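Reviewing the structure listed below.
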Amino acid sequence: MVKLLKVHGSENKFFILDQTLLENELNDIELKNLAINLCKNILNGADGLLVIDTSENCLGKMRVINADGSEAKMCGNGLRTVSRYLSEKYQLDQFKVETLESDLSVQKAPDFYSGVPAFSVEISPISFKKTDLPFSYKDLDEMINEEIPEFIPEEKFSAVAVPNPHLISFVSDIQHDALNDLGQKLNSTNDYFPEGVNISFAKILDENKLFVQTFERGVGFTNACGTGMSATSLVFALLHPEQFDSNKDITVYNPGGMVRTNVKLNPIKELSEIRLIGNATFTHNLEISEDALHQNQLDDLNVEETGEEKDYQSFIKSIKE
């Protein structure tokens, strides 16, 4: 029998499949079809499937298959949950995880709340170059605090890859319909972001305190986007130095809860450092035969709740009080 996990970071929900425990690994087509099925039909769905493979240089390798079957370069919220899984599997608190673009350092962090384990993960590499996002707009080589009336009149936008591509706008009020419209536009065939882009609207609440809502490429609206909150924190530090204290973490609220980010700016902005710190919650254990997994037949899943979601909801209640 094969064991899977249902997990979340700030209610950004995933299934975890550890392929190193299988007799025969799933091929890419099988993984895509499994991700679509799991994320649409099982336990009220999820935003993606996190696949753990062996790595030559790290404790493990993480692949991120989105709900639509596409593959993302990285996932900050997902990386925290994979880090917890590997930490418990190998009894280590600090190590590296291989992702498609880079090997990232991760470490166990103090619990966010009783029964709410947390991990701190590196977010990198960073690039503002149009070729790395990619984007095309007039003669811009970088898009930093630019008015783009074709997107939304009178709003300013910044684009950064971490390494997932992100478009960020600091707004006075987060308008769900406007974010949805722009997300649909830039993730359909368009002249600006030919490969699509994650879009975050951010509201500055106070010094080192933000609220971020993200429309995620390949998913749509998510409760939270780890790389989106990380990218937004970096742009916040660059553009709003009067409200950024470099000696403290940034608190980032989102529809699914709250994370912290730590930003260390470098005069060469691509060499800045970002860490994402937040919960790594396991909500369900699932069990199925390996043959059924290969056949993408999920009717005979055995599911057991862990009880951790109750603790997470207590944490959410505590930060709202």
Among the residues of segment 159-201 satisfying the criterion of being closer than 22 Å to residue 241 by Cβ and surrounded by fewer than 24 Cβ atoms within 10 Å (Cβ to Cβ), which is farthest from the chain's Cα centre (by Cα)?
-> 172
Tell me, which residue of segment 72-84 that is in contact with a strand residue (DSSP E or B) (Cβ under 6 Å, 6 or more places away or on another chain) and surrounded by fewer than 24 Cβ atoms within 10 Å (Cβ to Cβ) is nearest to residue 28 (Cα to Cα)?
-> 72
The condition of being in contact (Cβ under 8 Å) with a residue 24 or more places away in the chain and in contact with a Pro (Cβ under 8 Å, 6 or more places away or on another chain) holds, among 251, 281, 261, only for 281
How about segment 146-200: which of its residues are touching a residue at least 40 places away in the same chain (Cβ under 8 Å), charged (D, E, K, R) and farther than 20 Å from residue 126 by Cα?
-> 150, 191
Among (1) of a type outside the set (Val, Ile, Thr); (2) touching a helix residue (DSSP H, G or I) at 6+ places or on another chain (Cβ under 9 Å); (3) at pLDDT 95 or above, which single condition is residue 239 missing?
-> (2)
Does segment 273-295 hold any residues that are farther than 26 Å from residue 105 by Cα and surrounded by fewer than 16 Cβ atoms within 10 Å (Cβ to Cβ), and which are they?
-> 285, 287, 289, 290, 291, 292, 295
From the list 300, 245, which one is at pLDDT below 95, of a type in the set (D, E, K, R) and not in a strand (DSSP E or B)?
-> 300
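Residues checked against (1) modelled with pLDDT under 95; (2) touching a strand residue (DSSP E or B) at 6+ places or on another chain (Cβ under 8 Å); (3) not small (Gly, Ala, Ser):
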| residue | (1), (2), (3) |
| --- | --- |
| 12 | no, no, yes |
| 18 | no, yes, yes |
| 29 | no, no, yes |
| 70 | no, no, no |
| 96 | no, yes, yes |
| 101 | yes, no, yes |
| 107 | no, yes, yes |
Could you list all residues from segment 121-154 that are over 24 Å from the mean Cα position of the chain (by Cα) and surrounded by 17 or more Cβ atoms within 10 Å (Cβ to Cβ)?
-> 148, 152
Name the one entry in 169, 136, 158 that is within 30 Å of residue 65 (Cβ to Cβ), in a loop (DSSP other than H, G, I, E, B) and not assigned by TED's automatic domain parsing to the domain that holds residue 63.
-> 136
Could you identify the single residue in 42, 36 that is free of Cβ contacts under 8 Å to residues at least 60 places away in the same chain and either over 20 Å from the mean Cα position of the chain (by Cα) or in the same structural domain as residue 85 (by TED's automatic domain parsing) (or both)?
-> 36
Could you tell me whether segment 211-228 includes any residue that is part of a loop (DSSP other than H, G, I, E, B) and aliphatic (A, V, I, L, M)?
-> yes
Does at least one position in segment 74-82 carry a residue that is among the charged types (D, E, K, R) and touching a Cys at 6+ places or on another chain (Cβ under 8 Å)?
-> no
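The values are calculated or read from the model by the stated rules, or taken from the named source; none is laboratory data. Remember, predicted model here, so these are calculated numbers, not experimental data. Cβ coordinates were reconstructed from backbone atoms using ideal geometry, including for glycine residues, and neighbour counts include every protein chain displayed.
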